[in-house]
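Reading through the structure tokens given below for one structure.
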Amino acid sequence: MSTRTLLLTALAMLAFASNSLLCRLALRETDIDAASFTSLRILAGALTLWLLLRVRLANRISAGSWPAATALFVYAAGFSFAYINLDTGAGALILFGAVQLSMLTWGFYHGERMSFMACSGLMLAFTGLLVLLLPGASKPPSGAALLMLVAGVAWGIYSLIGRGVKDPLASTAGNFLRAVPMALLLSVLLLGQFSWDMQGILYALLSGALTSGVGYAIWYTALRGLQSLQAASVQLSVPIIAALAGSLLLDEALSVRLLISAAAVLGGIALVLSARQRSTNAAPAPR
């Protein structure tokens, strides 16, 4: 891996973790409501991605699809409303675990064969999520955890829809643009909860423009220098970065339950990825 790819990958992971931090910071420390945060984030992301396409002299804003945009909106809305009551690290872990597990389950359901190691890793990851969600003193609020699970599944669906697109940046820009009216409609429906201040607006715009729009563009560039296993494995760092940032910047506790759950979820997914790589390496070369 080149130094450039390593730097871009690190920046992308910081951007993804910062999405969780900015959302939690906005909804805990400012007066902005979750619907307004969602609308501003999607609007800022759409504008930033469109500008990036213009700089690239490409105007393929018609790329993308309505199903993908709907999944993007469900993810963004569930993400925002969940972070009203979830700590940064717990939210990122639930989101990340749900994304990966939903995609792995989809592959298994559609006939993708899994070795004993892969099955064991999948069960370990599911168990890790259950540990986090079981009743107890440090259990995250059930409603918020469910919303984040829905957000994670929606992002998994969005990722599955987007696999193999010819121009990921253009498709993402098109999907963000299509999601704007959905987010605005949500804000209108929840107009009675409307509340904002300049600091909250700033966090929402940063989340949409910088850690989403620019973050995705950086990630797509980094992917050119990463193998598929490297790309999947490096994302294991996102919940850890988010948990540490929440602890350092928001004084959120790193509970024993969260640490055990994180070890099980991330370790389980790492086992699945490792088993997949071994299976790929063991497969005979095509003739």
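No lab work stands behind these numbers, since they all come straight from the coordinates. Being a predicted model, the structure only gives us computed values, none of them experimental. Glycine gets a Cβ as well: all are built from the backbone with ideal geometry, and neighbour counts include every protein chain shown.
Please give me the summed charge of the neighbours of Ser18: other residues whose Cβ is under 14 Å from its Cβ, Lys and Arg +1, Asp and Glu -1. Residues close to Ser18 contribute a combined charge of +2. I need the shape label for the range 3-282. Rule: rounded when a/c is under 1.5, else prolate if a/b > b/c, else oblate, with a, b, c from the alpha carbon gyration tensor. It is oblate, given that a/c is not under 1.5 and a/b is not larger than b/c. According to the square roots a ≥ b ≥ c of the eigenvalues of the Cα gyration tensor, what is the shape class of the range 40-131, taking rounded for a/c under 1.5, prolate for a/b larger than b/c otherwise, and oblate for the remainder? Oblate, since a/c reaches 1.5 and b/c is not below a/b. Just check the range 160-267 against the gyration tensor rule for me: Cα atoms, a ≥ b ≥ c as the square roots of the eigenvalues, rounded for a/c under 1.5, and otherwise prolate or oblate depending on whether a/b exceeds b/c. Oblate is the answer for the range 160-267, as a/c is 1.5 or above yet b/c matches or exceeds a/b. Based on DSSP H segments of at least four residues, each scored -39500 (n - 2.57), the chain has a per-residue ellipticity at 222 nm of -25500 deg cm²/dmol.
Look at Asp197, Asp31, Asp251 and count the other Cβ atoms within 10 Å of each Cβ; fewest to most, that gives Asp251, Asp197, Asp31. Principal axis analysis of the Cα atoms in the range 70-192 yields extents of 47, 44, 20 Å, listed in decreasing size. The gain in end-to-end length when the Met123 to Leu184 segment is fully stretched comes to 18.1 nm, 0.36 nm per residue minus the alpha carbon separation.
Projected label points at Gln227 and Arg56, each 7 Å from Cα along the beta carbon direction, are separated by 2.6 nanometres. Among the chymotrypsin sites (Phe, Trp or Tyr not before Pro) in the range 158-195, those placed in a DSSP loop whose Cβ has at most 16 other Cβ atoms within 10 Å are Phe194.
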